[in-house]
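Chemist: Structure provided below as structure tokens; questions to follow.
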Amino acid sequence: MKIPKAIQNVTESFERLPGIGPKTAERLTFYLLHVPQGELDKFASSVQNLKKDTVICSICFNIGESDPCSICSDQERNHAMLCVVEQPLDVIALEKSKRYSGVYHVLNGKIDPLNNIGPDEIRINELITRVNVVSNAAIKEIILATNPTMEGEATAMYIAKRLRPQNANLKISRIGRGLPIGADIEYADPTTLDRAMEGRSEY
């Protein structure tokens with residue numbers, strides 16, 4: 001049986017997505033065949049405009065609709081508390097907990113020597129600059145909320161080592177109890193994240 005080219009193209013596109021295997025890609029493609037054309041057009045338009053309608057914040061490097069993003073520009077947030085995370089998905093997870101009111105810095109990765117990702121490949125230098133510049137002298141605490149994996153721990157240790165010499169009065173803490181070793185922040189429920197934030201300790 002020859003599979004129509006249109007089905008092959010969509011299936012192959014789904015297969016390129018992380019976590020999507022051939023069978024799942026086929027199921028998604030055939031599901032879309034039964035969706036009304038209007039809904040399909042809306043879905044296609046959303047995907048097409050995904051990058052056009054989003055920007056990377058020049059302050060925290062999170063993804064938003066404007067620059068600076070809504071979190072960085074919110075004067076009601078606690079700008080003295082800066083939470084360092086690996087990915088924008090971690091920001092979304094922490095925001096869902098509704099208990100953290102500070103601002104963020106998104107590294108867009110982690111130190112991972114096995115995959116040739118060093119400190120210069122992620123936003124660590126931008127973090128150091130952000131903390132050290134005069135205009136940001138009001139930052140009182142850095143919360144290292146990288147994932148509790150080997151790479152996440154190495155990244156947190158590296159950042160702490162870089163920040164301490166020039167910022168003697170800066171409190172550096174690490175998210176604590178609640179997150180098991182090897183877990184990713186983006187998959188944690190709000191209660192677990194709340195406990196992790198409450199249980200953070202000096203680093």
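The values are calculated or read from the model by the stated rules, or taken from the named source; none is laboratory data. These numbers were taken from a predicted model, which means no experiment stands behind them. As a convention, Cβ positions derive from the backbone with ideal geometry for all residues, glycine included, and neighbour counts pool all protein chains shown. Surface accessibility is based on the protein's heavy atoms, side chains included, excluding ligands, DNA and RNA. Shrake-Rupley method; radii C 1.70, N 1.55, O 1.52, S 1.80 Å.
Chemist: Can you list residues whose amide H is under 5 Å from I117's amide H, if they're 5+ apart or on another chain and H is modeled 1.01 Å from N?
Modeler: Here the answer is D112, since their amide H atoms fall under 5 Å of that of I117.
Chemist: Right, something else. What 222 nm value per residue comes from the helices of the chain, counting each DSSP H run with n ≥ 4 as -39,500 (n - 2.57) and dividing by all residues, nearest 500 deg cm²/dmol?
Modeler: Working: 7 runs with 77 residues, N = 203.
Rounded to the nearest 500, it is -11500 deg cm²/dmol.
Chemist: Relative contact order of the chain, please, whole-number percent, based on alpha carbon pairs below 8 angstrom and at least 6 residues apart.
Modeler: 16 percent
Chemist: Determine the sum of side-chain charges near K51: Lys and Arg each +1, Asp and Glu each -1, restricted to other residues whose C-beta is under 15 angstrom from that of K51.
Modeler: Summing Lys and Arg as +1 and Asp and Glu as -1 gives -2.
Chemist: Can you work out the FRET efficiency for the pair T149 and T129, with r the C-beta to C-beta distance and R0 = 25 Å, to the nearest 0.05?
Modeler: On the way: r = 26 Å, r/R0 = 1.04.
After rounding, the FRET efficiency stands at 0.45.
Chemist: For the range 141-149, just list the computed ³J(HN,Hα) in residue order, Karplus coefficients 6.51, -1.76 and 1.60, θ = phi - 60°, integers in Hz, with x standing in for Gly and Pro.
Modeler: So the Karplus estimates, Gly and Pro as x, are 9, 10, 9, 8, 10, 6, 5, x, 10 Hz.
Chemist: Same structure again: Ignoring ligands, DNA and RNA, what percent of the 1.4 Å accessible area of the range 1-119 is carbon and sulfur? Let's see the in-between values first.
Modeler: Numbers: 4580 of 7990 Å².
So the carbon and sulfur contribution to the accessible surface is 57 percent.
Chemist: My understanding is that a pair violates if its Cα-Cα distance is over 28 Å; which of K98/K161; K140/K161; K96/K161; K2/K52; K52/K96; K2/K51 do that in this structure?
Modeler: Long pairs (Cα-Cα over 28 Å): K98/K161; K96/K161; K2/K52; K2/K51.
Chemist: Restricting the count to DSSP beta bridges whose residues both fall in the chain, what percent are antiparallel, rounded to a multiple of 5?
Modeler: Counting DSSP beta bridges with both partners in the chain, the antiparallel share is about 30 percent.
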